[in-house]
Amino acid sequence: MSQRSITLRRPQVASDELAWFRFGRIGQRVVITNDVGDWELLDEPEFEDLLGGRIDEEHPRHAVLQAKGFIRNDLDVAGLASRLRRKKRFLGQGPHLGIIITTLRCNQNCRYCHASRTEMDRVDTDMSLETAKKVVDHIMQTPSPYLNIEFQGGEPTVAFESLKFIVEYSREKNRYENKRLEHSLVTNMTTMTEEMAEWLVRNNVMVCTSLDGPAEVHNYNRTWQKGSNAYDSVIHWIEWFNNRYIELGRDPRLWHVDALMTTTRKTIDHWKEVIDLYVSLGIKNIHLRPLNPFGFAMSTWKRIGYSPEEYLEFYTNCLEYILELNRQGVEISEGTASVFLMKMLTPDDPNFVDIRSPVGSGTGQLAYMYDGSIHASDEARMIAAMGDDLFDLGHVDNTTFDEAVNHPTVKAIAVASILDSLPMCADCWNAPFCGVRPLHNYMLQKDLFAQRARTPKCAEHMGIARFLLSKLDGDEDGSVERIFRRWTISRPRDPEEGLDAAPPVRDPSSVESGGPTSGHSRLPVLE
Amino acid sequence: MADAVVRFDRSLYAADAVHAGVEAFGKFARIALSEDADAFVLAVTEIDPRHEDVLVDELANYVLAETAASRSGGAA
């Protein structure tokens, strides 16, 4: 057995020569970060030189450490304040994501269903048009200049009339609100018809679907009715939509079906096939989402779940492979990595509601159930569907928008997720990039704050940030950074693009039956 | 040979805190305390297998916390 030797010394710290920063270790290197998201990786002797005030103007690291605000001498405080204001500008804008659950009915029976879907005969879990109108009136009061209305379920296409009404009514209302208004649909594609699809394309409703991998994985995770093949259906419709956008002359980089996958134990065994499938379908972004502790996943965890370490091994295998594909000229990025990289490499925060400080629940998003009840987030409504109303904010019949977003529960969630105020998180080098999840904490430890360092999310976010910074650190020729920077680019879509083109020729082989959905399309949003 | 050797620099760590650490963790490992000019040196052997992954780190944390507490005049 090798002997472990630890020497604990008092470091020499020239505190009057240092600006404020956090630090930690990544392998043999020391990472330092500050509030505006600047970071640098140092050798241990360089770090000691920094702490000891020995980084003078002759030092090879002086220029970069000075420019990034790690040295107090000539510190541009006003410039840092301005950059911090830009990073945090989402704070004063209010919710930009309105999730509407038009029905809980779903014809699939996914092993991990986070939404606690209902059977197809439960029409009592459909949203009425009267409620839909009240929901739109409610969410459009958000002061945010950008609003994405996202349809979730259940399977939203089984209540397509409600969806159409919400799109048309919100667009009409927006003639006076003048927001940048977008709509997105999270669908399993199994009840899609050409009539629906054409309407969605013509009305700029972006489509996001779940694709868990090759048929063996997808059909295992997302059980459909006996004798049906969920995989064939989703592949058919991804290709249909993507071809239709091209027929209309739209830029496929901006107009395409987004696909999400939920990682189960089965996925981990097939990680390379999953990525190859996404590439073969021309999908530009894969989001390697882990299982969440909500809904049916809580009861099936033993069969389909995994440890944080297993997930991270899977994630890093995938990311290494995705990087290799990029080097070969294939355009594909990973969703969570893109969120972190935008914080690490650009002056902006992507305002991704799940990885934010504070988390977006109530301050970045609201979720509306089919019955008009208001919830702090998508996850909050999932918890409500499990019988726990702790995160309910009221009802569109009797709760104003102001009352909802100023609800004590929203404030509690914010307090529990402002990293600067959380012990350990406040001092963690990953704080400028990370975000904690109070609702996850609540589900796992019955505590909004929880012992965060012991949560799967902490292991996941630390592992991902370490991996990304390590890759950038060893990037001698700058090729990794060039790839990573591409992943941070987000361009707005022109809603008029291609809409004057002719209607499509009907494809007689189209699939016109289908099923449900789960998962969500909260992809990075630029403000 | 010890499983781990931890050197607590005298410029930072309080003697009472190191002794408190030896006492608190002594039931989970054999801990031999020696001193040299610069440091208190703990040689840790026979670590309880149930705690071998964390014991040395927790011992170091404990001594640091006791040192901080003794300097602020309160309990850790």
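Annotations
- Residues satisfying the stated conditions in the stretch A:184-198, i.e. of a type in the set (V, I, T) and assigned to a loop (DSSP other than H, G, I, E, B): A:T190, A:T191, A:T193
- Within the stretch A:380-392, being open to solvent by 10 Å² or more (accessible area, probe 1.4 Å) and either small (G, A, S) or at pLDDT 90 or above (or both) holds for A:A384, A:A385, A:G387, A:D388, A:D389, A:L390, A:D392.
- Filter result for A:R25 (surrounded by fewer than 19 Cβ atoms within 10 Å (Cβ to Cβ), within 14 Å of chain B (Cβ to nearest Cβ) and under 30 Å from A:R86 (Cβ atoms)): yes
- For the stretch A:359-379, filtered to residues that are in a loop (DSSP other than H, G, I, E, B) and open to solvent by less than 10 Å² (accessible area, probe 1.4 Å), the residue that is nearest to A:L163 (Cα to Cα) is A:G372.
- Screening A:K343 on (1) farther than 15 Å from A:F467 by Cβ; (2) basic (K, R); (3) touching a residue at least 12 places away in the same chain (Cβ under 8 Å) shows it passes everything except condition (1).
- Test: residue in the stretch A:315-335 that is open to solvent by less than 10 Å² (accessible area, probe 1.4 Å) and small (G, A, S): yes
- Number of positions in the stretch A:1-18 that are assigned to a strand (DSSP E or B), open to solvent by 80 Å² or more (accessible area, probe 1.4 Å) and more than 7 Å from chain B (Cβ to nearest Cβ): 0
- Residue that is most open to solvent (accessible area, probe 1.4 Å) [pool: residues in the stretch A:265-288 that are under 13 Å from A:E331 (Cα atoms) and in a helix (DSSP H, G or I)]: A:S280
- Selection over the stretch A:472-485 of residues that are assigned to a helix (DSSP H, G or I) and open to solvent by 50 Å² or more (accessible area, probe 1.4 Å) gives a count of 4.
- Meeting the requirement of 3 or more residues that are free of Cβ contacts under 8 Å to residues at least 60 places away in the same chain and within 12 Å of another protein chain (Cβ to nearest Cβ), the strands (runs of 3 or more DSSP E) wholly within chain B are B:4-9, B:39-45.
- Conditions (1) touching a helix residue (DSSP H, G or I) at 6+ places or on another chain (Cβ under 9 Å); (2) crowded, with 20+ Cβ neighbours inside 10 Å: number failed by A:R72: (2)
- Evaluated against (1) in contact with an Asp or Glu (Cβ under 6 Å, 6 or more places away or on another chain); (2) open to solvent by less than 60 Å² (accessible area, probe 1.4 Å); (3) outside any loop (DSSP other than H, G, I, E, B), A:A426 falls short on exactly one condition, (3).
- Screening the candidates A:A453, A:A412, A:A465, A:A384 for the property of being assigned to a helix (DSSP H, G or I) and in the same structural domain as A:G98 (by TED's automatic domain parsing) yields one hit, A:A384.
- All of (1) in contact with a His (Cβ under 8 Å, 6 or more places away or on another chain); (2) in contact (Cβ under 8 Å) with a residue 24 or more places away in the chain hold for A:D427 with one exception: (1).
- Of residues in the stretch A:49-91 being of a type in the set (A, V, I, L, M, F, W, C) and within 23 Å of A:R356 (Cβ to Cβ), the one nearest to the chain's Cα centre (by Cα): A:F90
The values are calculated or read from the model by the stated rules, or taken from the named source; none is laboratory data. This one's a predicted model, so the numbers in the text were calculated from it and none came from an experiment. No Cβ is skipped: glycine too gets one built from the backbone with ideal geometry, and neighbour counts run over all protein chains shown. To get the accessible areas, we keep the full protein, side chains included, count just its heavy atoms, and leave off ligands, DNA and RNA. Shrake-Rupley method; radii C 1.70, N 1.55, O 1.52, S 1.80 Å.
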